[in-house]
Amino acid sequence: MVTEHTLEETLDPKDWEELKKIGHQMVDDMIDRIATVRQRPPMKFADEKLVLEFMKPLPLEPQELEEVYDEFKENMMNQHMGLNTHPRFWGWVVGAGTAQGALAEMLATGINFNMPGGPFIPVLMESQVLEWFKNIFRFPKEASGLLVGGGSEANLLGIAVARNAKAGFDVRKLGQVAAVKKMIIYASTETHVCIDKAVQLLGLGMDNFKKIPVDENYQIRTDHLSEEIRKDKNNGLAPFCIVGNAGTTNTGSFDDLNKLAEICADEGLWLHVDGALGAWATINDSTKALVNGMEKADSLAFDLHKSMNMPYDVACILIRNEEAHYKTFAEHPDYFGGSRTMKLRTDYGLQVSRYFRSLKVWMGLKEHGLNKFGRLIKQNFEQAQYLAKRIESSKNLELMAPTAFNVVCFRYKPHGFDDDALNEINNKINNMLTRMGVAVLSTTKLNSKTALRACIVNHRSNQEDFDLLLSKISEIGETVK
């Protein structure tokens, strides 16, 4: 009996030429949007109408791509604010991206290559990028590395390798429960929350994460650290890792990495450095002293979507001991086929299905060159120093923390108000700056006082933007105090 042939379907377009026409329009619209970003506010909150638009039910039948794109333009592109693409977005430590980077992402998704490993050109590209990074950060050639989605993942991988390498037993087989002594990890109270998450996910437990106080520069107190390690060893615990900060998110402070490396060498501990914010200080003479000692780390996590302004998301982990890295993650099941005999990229991290992140990094570094990125690091650093000096010279503003790199913490402080009142005033100023379309800052607490926080990792910012910011803060301050 012959059965009737069922019509087979595809997701390809019916008309490739029509798709090219729409695609060209998308590229033109997006580049125009980036080119005119100063004409929009840095941030705009979704109104009730837009909220309802994104509560509509799932469509079951097709729509024309042009209709879908029109809906995107109406509800996102035309309504959407500049956010971190805007030159006066300093709210969080996020880069502005580039139009060229957006095109690189289009190419990467068009190739749509899965990156578990093997003898393929995209894999060779990632390997080349990792070699460049080992050279930049003065890691040995035999070190290993991996491009990942962000600093949180990079830090998780680095601490996982540290734990397995220092456990003294087979953690992968026996689990953390087999530890005879509690394994202890150390970092300052200023350390990013992603380290807390890594500690929790790895089963180390927050009770075994010792947070060391900081000094007046928000750097880890190494005297307290050494004493804590000594006490823990005497109490039968097993210290295994120190996390050093190459630029904290809260204030932009840098730990003394040379001293931390010395302590680790003396005590037999692993030094992991979270350089998500500040590792790239190393590529400019004006800032590289901040990260002296970073090259001694056993593992280094850093982002490329912050100071390097590459499109989200991309970060990297470098591990000095390739064998320890490999042994922490390598798995070669039967369904890997012939690749079971070779080391794969997936043997160095969590993901088996991996995005082709290396293209935007490779293209960005080749287009601009490392020296230009170094000049932009210096530019943001000098902008932060300029802002800090203007704050210090103002009678109504107070600098709340040293400006070591590119984060400026300050507050509006008119005469005659206590700290509770000043906290309320500065929160109002922060909200009004956003709602008026002036700039996006964020707030933090320093010694229980609310501080306005400018995180300057934006290649589009100029000095006039910071002059406008301070002018508007003074104007708004007069109205809300």
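No lab work stands behind these numbers, since they all come straight from the coordinates. Just so we're clear, the structure is a prediction, and the values are computed from it rather than from any experiment. Positions of Cβ are backbone-derived with ideal geometry, glycine not excepted, and every protein chain shown enters the neighbour counts.
Remark: spin-label model distance Glu9-Thr479 equals 5.4 nm, labels positioned 7 Å along the Cα→Cβ axis. In this label model, Leu201 and Leu468 are separated by 3.8 nm, measuring between points 7 Å along each Cα→Cβ vector.
For region 1-105, trypsin sites (Lys or Arg not before Pro) are listed when DSSP marks them as loop and at most 13 other Cβ atoms sit within 10 Å of their Cβ; the list is Lys14.
Annotation note: GluC sites (Glu not before Pro) in region 307-368 located in DSSP loop regions with a Cβ neighbour count of at most 14 within 10 Å are Glu331. Seen from Ala451, the other residues with C-beta closer than 11 Å to its C-beta sum to a net charge of +4, counting Lys and Arg as +1 and Asp and Glu as -1. In plain terms, the C-alpha convex hull of region 11-129 casts an average shadow of 10.7 nm² when viewed from every direction. Potential lengthening of the chain between Asp285 and Phe120 amounts to 55.7 nm, from the contour at 0.36 nm per residue minus the alpha-carbon distance. Expected output is a single nm value to one decimal: the length gained when fully extending between Ser226 and Asp420, i.e. 0.36 nm times separation in residues minus the C-alpha distance. What is it? Stretched fully, the Ser226-Asp420 segment lengthens by 66.2 nm. Among residues other than Gly95 with Cβ under 13 Å from its Cβ, the summed charge is +1 (Lys and Arg +1, Asp and Glu -1). Taking each residue as 0.36 nm, the span from Glu267 to Phe113 lengthens on full extension beyond its C-alpha to C-alpha distance by 51.0 nm. Distances between placed amide hydrogens fall under 5 Å for Ala401 paired with Cys409, all partners being 5 or more residues away or on another chain. Using only the Cα atoms of region 218-357, build the gyration tensor, take square roots of its eigenvalues as a ≥ b ≥ c, and label the shape rounded, prolate or oblate: rounded if a/c is under 1.5, else prolate if a/b is larger than b/c, else oblate. Taking the square roots of the gyration eigenvalues as a ≥ b ≥ c, region 218-357 is oblate. DSSP bridge analysis restricted to region 272-328 gives an antiparallel fraction near 60%, rounded to the nearest 5. Can you bin region 339-481 into rounded, prolate or oblate? Criterion: square roots of the alpha carbon gyration tensor eigenvalues sorted a ≥ b ≥ c, rounded for a/c under 1.5, prolate for a/b above b/c, oblate for the rest. Prolate, because a/c is 1.5 or more and a/b exceeds b/c.
For the chain, the antiparallel share of DSSP beta bridges with both residues in that region comes to about 60%. Distance distribution P(r), region 64-110, all Cα-Cα pairs, bin width 10 angstrom from 0: 23, 33, 39, 5 percent. Where the alpha-carbon atoms of region 418-468 are placed on the principal axes, they occupy 35, 23, 15 Å, in descending order. Semi-axes of the equivalent ellipsoid for the chain, computed as √(5λ) from the eigenvalues of its C-alpha gyration tensor and ordered from largest down, come to 37, 36, 21 Å. Of the GluC sites (Glu not before Pro) found in region 1-81, the ones in coil according to DSSP and having at most 16 other Cβ atoms within 10 Å of their Cβ are Glu4, Glu8, Glu9, Glu64. For region 113-368, the C-alpha radius of gyration sits at 0.99 times the compact-globule guess of 2.2 N^0.38 Å, with N the residue count. Between Met30 and Glu74, the simple spin-label model (points 7 angstrom out along Cα→Cβ) gives 2.2 nm. Which of the residue pairs Lys360/Lys428; Lys141/Lys360; Lys231/Lys343; Lys327/Lys378 have a Cα-Cα distance greater than 32 Å in the structure shown? Pairs exceeding 32 Å: Lys360/Lys428; Lys231/Lys343; Lys327/Lys378.
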